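A.B. asks: Encoded as structure tokens, here's the structure I'll be asking about.
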Amino acid sequence: MCWRQQGNLYISNTEQVGAGLYHSGLFSNSGEFITAKNFRPSEYQTLAQDFIDNAHPIIRKRIRYLEFLEEHNLLNASIESINAAGKFGAHAEARVLDKALKDIEIMEGLPSGSFPETRLSEFNIFVKYRGGSCPPRCVACWNLSEGVRIIGNE
């Protein structure tokens, strides 16, 4: 179940991948999905690294773990899959989940960085590729979004 446009997320034929996130509490406050798009390859080194450094602790911990696994050749994926994933944290799924985690902590009055991983199942993410198809989750997004419901490409 994939869409070219869903709520306030629109992916044109020239853009890469975008993701939208639904959480009942966040949606009722804003009336819109939280959305994000992949960093482009030219942005990986600057913007993606800045994103990782400032990511919610859940996301940052998972990215650092993936980097450790990759560095020690322990990542359970082919070299082609790892290369296709690009820089861990550069994808829309990580960016949209990061924003939602930070927003819900503010909304619920939780201390920054304290949202528990056990509540990740409250989030629903849908992913769109140019033309409207749902791309399969890459090795990075598979691990970064563990616990979250992915709609359309379960």
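The values are calculated or read from the model by the stated rules, or taken from the named source; none is laboratory data. Since we're looking at a predicted model, the values are computed, not measured. Here the Cβ is made from the backbone with ideal geometry for all residues, glycine too, and neighbour counts use every protein chain on show.
A.B. asks: Quick check on my filter: what residues within the range 77-97 are free of Cβ contacts under 8 Å to residues at least 12 places away in the same chain and assigned to a loop (DSSP other than H, G, I, E, B)?
C.D. replies: Here is the first cut: in the range 77-97, the residues free of Cβ contacts under 8 Å to residues at least 12 places away in the same chain are 78-80, 83.
Scanning the range 77-97 gives a single hit, Ser78.
A.B. asks: Quick check on my filter: what residues within the range 131-141 are within 16 Å of Ala36 (Cα to Cα) and part of a loop (DSSP other than H, G, I, E, B)?
C.D. replies: Scanning the range 131-141 gives Cys134, Pro135, Arg137.
A.B. asks: With the requirement that a residue be of a type in the set (A, V, I, L, M), outside any helix (DSSP H, G or I) and surrounded by fewer than 18 Cβ atoms within 10 Å (Cβ to Cβ), what does the range 98-130 give you?
C.D. replies: In the first step, residues of the range 98-130 are kept if they are of a type in the set (A, V, I, L, M); the result is 100-101, 104, 106-107, 110, 120, 125, 127.
Now restrict to residues that are outside any helix (DSSP H, G or I): 110, 125, 127.
If the condition is that a residue be of a type in the set (A, V, I, L, M), outside any helix (DSSP H, G or I) and surrounded by fewer than 18 Cβ atoms within 10 Å (Cβ to Cβ), then Leu110 is the only one that fits.
A.B. asks: Looking at the range 31-69, which of its residues are closer than 24 Å to Tyr129 by Cβ and either assigned to a strand (DSSP E or B) or modelled with pLDDT of 90 or more (or both)?
C.D. replies: Ile34, Thr35, Ala36, Lys37, Ala55, Ile59, Arg62, Ile63, Leu66
A.B. asks: Any idea how many residues of the range 13-24 are at pLDDT below 85 and exposed (fewer than 12 other Cβ atoms within 10 Å of the Cβ)?
C.D. replies: Here the count works out to 2.
A.B. asks: Related question: Would you point out which residue out of Ala77, Ala55, Ala36, Ala48 is buried (at least 17 other Cβ atoms within 10 Å of the Cβ) and either under 17 Å from Tyr22 (Cα atoms) or touching a Ser or Thr at 6+ places or on another chain (Cβ under 8 Å) (or both)? Give the steps one after another, and end with the answer.
C.D. replies: Working: Ala77 fails: either under 17 Å from Tyr22 (Cα atoms) or touching a Ser or Thr at 6+ places or on another chain (Cβ under 8 Å) (or both); Ala55 fails: either under 17 Å from Tyr22 (Cα atoms) or touching a Ser or Thr at 6+ places or on another chain (Cβ under 8 Å) (or both); Ala48 fails: either under 17 Å from Tyr22 (Cα atoms) or touching a Ser or Thr at 6+ places or on another chain (Cβ under 8 Å) (or both).
Just a single option satisfies the conditions, and that option is Ala36.
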